[in-house]
Structures are given as C-alpha cells and as structure tokens.
Amino acid sequence: PDGTYRADKRITRGEFLKLTMNPVLVDGQRLNDCIAKEADAPEMNSKIFYTDVRADDWFAKEVCMAHVTKIVNGYPDGTFKPNHYISFAEAAKITANVFAYSLDRESGDEWWYMPYVERLADLQAIPTTIRTPEHEITRGEMGEIIFRLHSKNVTKASQGAAMFR
C-alpha cells in the first residue's frame, strides 16, 4: 500500500505461486479459466483441490493451474499452506516446473528437491544469499531467481547445488 517492494520481506507460498504463475509466464487464458473447468464444485466458497484454498482466495486460480499442471501437489494432509513462508527447496521445485525445465523427477536422490536445485544451479539462478534448502526466501531473492531465468542472465555469482545436500 505504501508503494514499496520490501525486498527483504519473506514471501509466502501463496504469494510465490501468484507471482510465478503470472500470465506473462504461463497461459493466461487457461489460468483464468482453471477453476471453472477443473474444480469439482467451482462455487466461490468451495475448496479448490486443498482444504485450505477457497475458490475466492486471491491466489486460487494460480493454485488451481499449478495443481492441474503438476507444478505443486501440496502436503500429505490435503493442505497447500498458502500463508506459510516458502522454503528455497519448495521455491526451486515450483520455479523449475513453471519454466518447464526437463528434470528427472524420479531421480532416486534422498533429497526430493535436488533435481530442481541442480537445474537452477546449472542455470546460475540461485542467489548467493540462499545457503540451505530450508531458507525462507525473500521477495528480492524470488525476483532475482525469476529475473535470472527469464533473462538467461548467467553473469552473476550463483550458489552451487552441492551445498544443499
């Protein structure tokens, strides 16, 4: 509301998905139609795939599209946890999937997130401020990851994947 970006503010899962599923990056028409076409009961007070996402939530169409395209699959308890801060591991999976990088998702690695982290590291898209998979990323770090991937900028220093094991 005050016109600032607040780059140092941590970002939630709902905010992250809203920004990465932006119509500039994904099919805008399909995104806008997702709830009506994909949800079992698209009434505005109904749940959309997860017990904690309602059809009228400000991030619902992005969650819908991310779910049907297998970009996200939520938690085993049936929730998405849109108000929880997003970890780098979660952000790496979403970002790699949104940008449609081919990955061996069944790599057998003991760390589920490593194929995504390795791909982002190969593309030099991991800001040096991120040092652990549990790191709750900030708005600025999210913007830097997206910028690096979208612009194919590989000139800035980037974290390597090995430190995330």
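The values are calculated or read from the model by the stated rules, or taken from the named source; none is laboratory data. A quick note: this is a predicted structure, and the numbers were derived from the prediction, not measured. Positions of Cβ are generated from backbone atoms using ideal geometry, with glycine treated the same way; all protein chains shown enter the neighbour counts. These accessible areas exclude ligands, DNA and RNA; they are computed on the full protein's heavy atoms, side chains included. Shrake-Rupley method; radii C 1.70, N 1.55, O 1.52, S 1.80 Å.
Brief remarks follow.
- Filter result (assigned to a loop (DSSP other than H, G, I, E, B) and either within 11 Å of MET142 (Cα to Cα) or in contact with a helix residue (DSSP H, G or I) (Cβ under 9 Å, 6 or more places away or on another chain) (or both)) within segment 1-22: TYR5, ARG6, ALA7, ASP8, LYS9, ILE11, MET21, ASN22
- Helices (runs of 4 or more DSSP H) fully within segment 56-163 counting 2 or more residues that are buried (at least 17 other Cβ atoms within 10 Å of the Cβ) and among the small types (Gly, Ala, Ser): 60-68, 88-98
- Among residues of segment 20-31 that are under 18 Å from LYS70 (Cβ atoms) and at pLDDT 75 or above, those with a Cβ under 7 angstrom from a residue that is of a type in the set (Lys, Arg) and assigned to a helix (DSSP H, G or I), sequence gap 6+ or separate chain, pair up as LEU31/LYS61.
- Residues that are among the β-branched types (Val, Ile, Thr) and modelled with pLDDT of 90 or more, drawn from segment 72-124: VAL72, THR79, ILE86, ILE94, THR95, VAL117
- Restricting the first member to segment 117-139 and to residues that are closer than 9 Å to ALA161 by Cα, and the second to residues that are open to solvent by less than 60 Å² (accessible area, probe 1.4 Å) and among the β-branched types (Val, Ile, Thr), the beta-carbon pairs closer than 6 Å and six or more apart or on different chains are LEU120/ILE126.
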